[in-house]
Amino acid sequence: MATKLLCFLLASVLIAYYVYRPLPENIEEGWKVMILDTVLRSVGHMAGVAELLGLNQYMEVMMLLTAFEHTAPISDENVTVTDTAFNNVPVRLYVPTKPSKKLRRAVIYIHGGGWCLGSPAMKAYDHLTRWTADRLNAIVVSTDYRLAPKYNFPAQFEDAYAVAKYFLQKEVLTEYGVDPNRICVAGDSAGGNLAAAVTQQLQDDIEVEVRPKIQALIYPALQPLDLDTPSYRDNSHMPILSKSLMVRFWSEYFTVDKALFNAMSSNTHKLIESNHLLRFINWTDLLPEKMKKIHTYSNIQSGTSEFTKKYPGILDPRAAPLLVDDAKLSRLPQTYILTCMYDVLRDDGVMYAQRLKKAGVQVTHDHYDTFHGVLLFVSSPANLSIAHKMRNEYINWLNEKL
Ligand SMILES: *[C@@H]1O[C@H](CO)[C@@H](O)[C@H](O)[C@H]1NC(C)=O
Ligand SMILES: *[C@@H]1O[C@H](CO)[C@@H](O)[C@H](O)[C@H]1NC(C)=O
Ligand SMILES: *[C@@H]1O[C@H](CO)[C@@H](O)[C@H](O)[C@H]1NC(C)=O
């Protein structure tokens, strides 16, 4: 009996130790975040062990989360949902059921998951895109794309771009009853990266007849060149997205070669030849004091690394939308950017907002004291009140500007 009790106590202590992590003071509903994070971390640990034992690749195990969350395209009283393909890329389409006399607005939505995970059919995305269609009385095209590590950059970009280009043809917009002057490209996390890249490339593509009116970037990843910005330093062990997971996502976007992961982890993956791009991500210049804190900028050149030569995608604006000059930025449409304080990607979003403003683009920048990925947590068991707030601000902006 005593042994059982002792085992029980010991197990409880171990579980509590595993679940508990000190969170910043101003976090609401911290215990919910801890539980969510424990689930994600456990899957991450399983993935790590499976990879170590040579059973599966890390991301194959992580994909279980995507599979677990899969839902069929089910229409409801307000929105008709179908799975189809644009330019041979799978998309999930949300069309409001009620007939509309006027042409409708449209949102091209690109899901997150570090270019390695996720799909429009995941419950959380299905919920968000369906709700967007319903709230805005808009067509939502939720884009799928090939995933890493099986497919590397630029496959993900190319799929997202192919969908946008297909949809932005005048006859296609007419078919769906969409107003060509009221289209948004939006995405979160890696999807925010793809949304920013797609919007940039559309600006300069002479084959494109119709361009988006606005773009919305939710905690986007925007550059892999400096993975040691203050937000990477301060938030490397925050819930949902740790630095090591983000570095894994970035490196696997380009290659399965672990050497890139190791170099990116120590931020030594650059060549001197890329130094002219550092001014585009110069955080001493672009971040407010409360984010820079006491961090000092160490010059991040490394003369030995071959990676930017081997994987030129690292410097390619289609993977790194922050690495373009102001002239290119100035041609971009009105932009919404959402960033989170305790997110390794915070500085990417803050720097993009700052650079866009300086280039004369109208920017709405919402910033929240929370973690990466939280916008999706709007239904039980992962129901956070800050997620509802974020989602409402986002949809209000869309409703007003689109
Ligand atoms: C459909 O729209 C009505 C009116 O806005 C709303 O009350 C209802 O909850 C919606 N149904 C679904 C399934 O979202
Ligand atoms: C970054 O900005 C600071 C302050 O404006 C400047 O002193 C420094 O030379 C810049 N560094 C790069 C790499 O552009
Ligand atoms: C989630 O929380 C919000 C308020 O934070 C509440 O209005 C809503 O009913 C909750 N939804 C579920 C499914 O628990």
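The values are calculated or read from the model by the stated rules, or taken from the named source; none is laboratory data. Here the structure is a predicted model, which means the values were calculated and not measured. Methodologically, a virtual Cβ is constructed for each residue, glycine included, from the backbone with ideal geometry; neighbour enumeration extends over all protein chains shown.
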Quiz prompt | Cross-chain or 6+ apart pairs with Cβ under 6 Å, the stretch 1-27 first and modelled with pLDDT of 75 or more, then among the small types (Gly, Ala, Ser) | solution = LEU23/GLY30
Exercise. Please find, within the stretch 382-402, the residue that is farthest from ligand 2 (Cβ to nearest atom) out of those that are under 19 Å from the mean Cα position of the chain (by Cα), more than 14 Å from LEU36 (Cβ to Cβ) and among the aliphatic types (A, V, I, L, M).
Key: ILE395
Quiz item: Quick one: would you say LEU376 is within 16 Å of ligand 3 (Cβ to nearest atom), within 15 Å of the chain's Cα centre (by Cα) and closer than 30 Å to HIS237 by Cβ?
Solution: yes
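Need at least 1 residues that are among the charged types (D, E, K, R) and over 17 Å from VAL178 (Cβ atoms) per element, so show me which strands (runs of 3 or more DSSP E) inside the stretch 66-145 make the cut, counting only ones lying wholly within it. So that I can check it myself, show each step before the final result.
Working: elements: 79-86, 89-96, 104-110, 138-143.
Here the list reads 79-86.
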Quiz item: Which of (1) closer than 26 Å to LYS328 by Cα; (2) among the charged types (D, E, K, R); (3) modelled with pLDDT under 95 is the odd one out, the single condition LYS98 does not satisfy?
Solution: (1)
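Would you mention how many residues in the stretch 100-117 are within 12 Å of the chain's Cα centre (by Cα), within 15 Å of VAL163 (Cβ to Cβ) and not β-branched (Val, Ile, Thr)? It would help to see each step written out before you state the result.
First, the residues of the stretch 100-117 that are within 12 Å of the chain's Cα centre (by Cα): 109-117.
Next cut, within 15 Å of VAL163 (Cβ to Cβ) only: 109-111.
Now narrow it down to the ones that are not β-branched (Val, Ile, Thr): 109, 111.
The total comes to 2.
Could you tell me which of the residues ARG135, ARG92, ARG130, ARG105 is under 27 Å from GLU60 (Cβ atoms) and away from ligand 2 (no atom under 16 Å from the Cβ)? If you could, list the steps in order and put the result at the bottom.
Numbers: ARG135 fails: under 27 Å from GLU60 (Cβ atoms); ARG130 fails: under 27 Å from GLU60 (Cβ atoms); ARG105 fails: under 27 Å from GLU60 (Cβ atoms).
Sole residue among the options that is under 27 Å from GLU60 (Cβ atoms) and away from ligand 2 (no atom under 16 Å from the Cβ): ARG92.
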Exercise. Could you please find all residues in the stretch 326-339 being over 12 Å from the mean Cα position of the chain (by Cα) and not β-branched (Val, Ile, Thr)?
Key: ASP326, ALA327, LYS328, LEU329, SER330, ARG331, LEU332, PRO333, GLN334, TYR336
Quiz item: Taking interchain pairs and intrachain pairs at least six residues apart, which have beta carbon atoms under 6 angstrom, with the first residue in the stretch 362-386 and outside the structural domain of VAL39 (by TED's automatic domain parsing) and crowded, with 17+ Cβ neighbours inside 10 Å and the second hydroxyl-bearing (Ser, Thr, Tyr) and in a loop (DSSP other than H, G, I, E, B)?
Solution: HIS372/TYR219
Quiz prompt | helices (runs of 4 or more DSSP H) completely within the stretch 236-303 that count 1 or more residues being within 20 Å of the chain's Cα centre (by Cα) and surrounded by fewer than 21 Cβ atoms within 10 Å (Cβ to Cβ) | solution = 243-254, 258-265
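Here is a yes/no grid of residues against (1) out of contact with any Pro (no Cβ under 8 Å at 6 or more places or on another chain); (2) at pLDDT below 95; (3) more than 26 Å from ILE110 (Cα to Cα):
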| position | (1), (2), (3) |
| --- | --- |
| ILE240 | yes, yes, no |
| GLU252 | no, no, no |
| ALA259 | yes, yes, yes |
| ILE272 | yes, yes, yes |
| PHE280 | yes, no, no |
| LEU287 | no, no, yes |
| LYS292 | no, yes, yes |
| SER298 | yes, yes, yes |
Self-check item: Of the criteria (1) assigned to a helix (DSSP H, G or I); (2) among the β-branched types (Val, Ile, Thr); (3) in contact with a Gly (Cβ under 7 Å, 6 or more places away or on another chain), which one ILE337 fails
Solution: (1)
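Is at least one residue of the stretch 349-364 modelled with pLDDT under 95, more than 16 Å from ligand 2 (Cβ to nearest atom) and not in a loop (DSSP other than H, G, I, E, B)? Talk me through it step by step, then tell me what you get.
Looking only at the stretch 349-364, we keep the residues that are modelled with pLDDT under 95, and these are none.
For the stretch 349-364, residues modelled with pLDDT under 95, more than 16 Å from ligand 2 (Cβ to nearest atom) and not in a loop (DSSP other than H, G, I, E, B): absent.
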Quiz item: Under 9 Å by Cβ, and 6 or more places apart or on different chains, what pairs join a residue from the stretch 71-91 that is closer than 19 Å to ALA138 by Cα with one that is within 16 Å of ligand 3 (Cβ to nearest atom) and of a type in the set (Asp, Glu)?
Solution: PRO73/ASP126; ILE74/ASP126; VAL81/ASP126
Self-check item: Hits in the stretch 196-213 - residues which are in contact with a Phe, Trp or Tyr (Cβ under 8 Å, 6 or more places away or on another chain) and crowded, with 24+ Cβ neighbours inside 10 Å
Solution: ALA196, ALA197, VAL198
Practice problem: Would you mind stating whether ASN262 is outside the structural domain of LYS357 (by TED's automatic domain parsing), touching an Asp or Glu at 6+ places or on another chain (Cβ under 7 Å) and not acidic (Asp, Glu)? | Solution: no
